[in-house]
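Scroll down for the structure; my scribbles are underneath it.
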Amino acid sequence: LLEDNWESLNDSKTSKNQIWKQIADGLEEVFIVRGQDKGNTCKTKWENMRKEYRSYLSKFQTGSAASDTKKNPSSLITLKKLL
């Protein structure tokens with residue numbers, strides 16, 4: 001769903017709230033999305049995953065992640081593709 005909406009999320013003229021709501025609605029078919037504002041919940045989850053991925057990359061590039069390979073982000077392959 002994120003991939004399908006990636007272009008719109010990066011478009012400065014598009015309202016992001018509506019896109020995140022659409023993503024949340026699509027996710028509800030498979031997952032339970034909790035909270036009053038489900039679009040904002042999805043956005044927050046995405047931002048946290050992105051931060052985790054960037055932190056992992058930073059550690060990996062400096063060599064500090066060499067002994068910590070079991071703690072790589074669960075969505076590493078998807079995030080690599082999107083970012």
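What follows draws every value from the coordinates through simple rules; no lab data is involved. Being a predicted model, the structure only gives us computed values, none of them experimental. Because the Cβ atoms are built from the backbone with ideal geometry, glycine has one as well, and the counts that use them run over all protein chains shown.
Using DSSP to call loops (not H, G, I, E or B), can you name the GluC sites (Glu not before Pro) in the stretch 1-45 whose Cβ has at most 13 other Cβ atoms within 10 angstrom? Before the final figure, lay out the partial values.
Working: sites: Glu3, Glu7, Glu28, Glu29; in loops: Glu3, Glu28, Glu29.
Filter output for the stretch 1-45: Glu3, Glu28, Glu29.
Simple spin-label model, 7 Å along Cα-to-Cβ: Asp11 to Lys45 in nm?
My value for the distance between the label points is 2.4 nm.
Residue by residue through the stretch 38-53, what is 3J(HN,Hα) from phi via Karplus (6.51 cos²θ - 1.76 cosθ + 1.60, θ = phi - 60°)? Round to whole Hz and write x for glycine and proline.
Here the 3J(HN,Hα) series is 5, x, 5, 4, 5, 4, 4, 4, 4, 4, 5, 5, 5, 5, 4, 5 Hz.
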